[in-house]
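In what follows, a single structure is set out as structure tokens and then discussed.
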Amino acid sequence: MDHMDQGTLPREYRTRAGSGGRVLLWMGLVWAWGCYQSATADRLPPWWRVGLPVLTALFIAFVAYTRPRRFTVLDERGIAVRNVLRVRRLRWAELHDIRAEAWPEKARAFPGTPRVCAYAYLRDGKRIVLPCVDDREVEAVRTEVALIRSVWTGLRGPGWQPDPGAAPDIPG
């Protein structure tokens, strides 16, 4: 399929059940190791020995709570993106480009990190990751991004023109 029919909208991309298990396992192991190190360190003040494990546990709980709530939703008006803290709506006409790109090599060292992610570029050159549109959640992410681009092309408006000012800020 090389063209996504607008009749297939809305289209949702969400975290697959169980897809973050390895990440949370690794975080838990690092937390346990850190708790042991804090408890056995003689030079650390008592508030640090208790505070660091508690703060780290709260962070892991925050990740476990927010990760499954991320999404990208396409509809006739544009793209709705929910990241960690908020939902952001991007209208089709305000987008400059939509691409699948390799995730930075340094970030891929962490287990469970996607290798390819989808990004929406705004007309001002800002890049926004499209959560759950990556090779961990979508089998053929580059094909899916091509389908999203076809919807964008059809819905961005008849007078849409690329913004020449945005192009220098967008790689590639």
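Structure summary
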{"quantity": "Condition check for THR72: in contact (Cβ under 8 Å) with a residue 24 or more places away in the chain, among the polar types (S, T, N, Q), surrounded by 16 or more Cβ atoms within 10 Å (Cβ to Cβ) and under 30 Å from PRO10 (Cβ atoms)", "calculated": "yes"}
{"quantity": "Conditions (1) open to solvent by 80 Å² or more (accessible area, probe 1.4 Å); (2) of a type outside the set (Val, Ile, Thr); (3) closer than 23 Å to GLY28 by Cβ: number failed by ARG91", "calculated": "(3)"}
{"quantity": "Failed item in (1) in contact (Cβ under 8 Å) with a residue 24 or more places away in the chain; (2) under 30 Å from LEU29 (Cβ atoms), with ASP124 passing the rest", "calculated": "(2)"}
{"quantity": "Selection from the stretch 13-63 of residues that are out of contact with any Lys or Arg (no Cβ under 7 Å at 6 or more places or on another chain), of a type in the set (S, T, N, Q) and free of Cβ contacts under 8 Å to residues at least 24 places away in the same chain", "calculated": "GLN37, THR40"}
{"quantity": "Long-range neighbours under 7 Å by Cβ, at least six apart or interchain, first residue farther than 21 Å from THR15 by Cα and touching a residue at least 24 places away in the same chain (Cβ under 8 Å) within the stretch 136-157, second open to solvent by 40 Å² or more (accessible area, probe 1.4 Å) and in a loop (DSSP other than H, G, I, E, B)", "calculated": "SER150/HIS3; LEU155/GLU76"}
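Quick grid of which residues meet (1) in contact with a Gly (Cβ under 9 Å, 6 or more places away or on another chain); (2) open to solvent by less than 50 Å² (accessible area, probe 1.4 Å):
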| site | (1), (2) |
| --- | --- |
| PRO68 | yes, no |
| ALA80 | no, yes |
| ALA100 | no, yes |
| GLU105 | no, no |
| ALA120 | no, yes |
| ASP135 | no, no |
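The values are calculated or read from the model by the stated rules, or taken from the named source; none is laboratory data. Computed from a prediction, not measured in an experiment: that's the story for all the values here. Don't worry about glycine lacking a Cβ; one is built from the backbone with ideal geometry, like all the others, and counts go over all protein chains shown. Ligands, DNA and RNA are stripped out before the accessible areas are found, and what is left, the full protein with its side chains, is counted by its heavy atoms. Shrake-Rupley method; radii C 1.70, N 1.55, O 1.52, S 1.80 Å.
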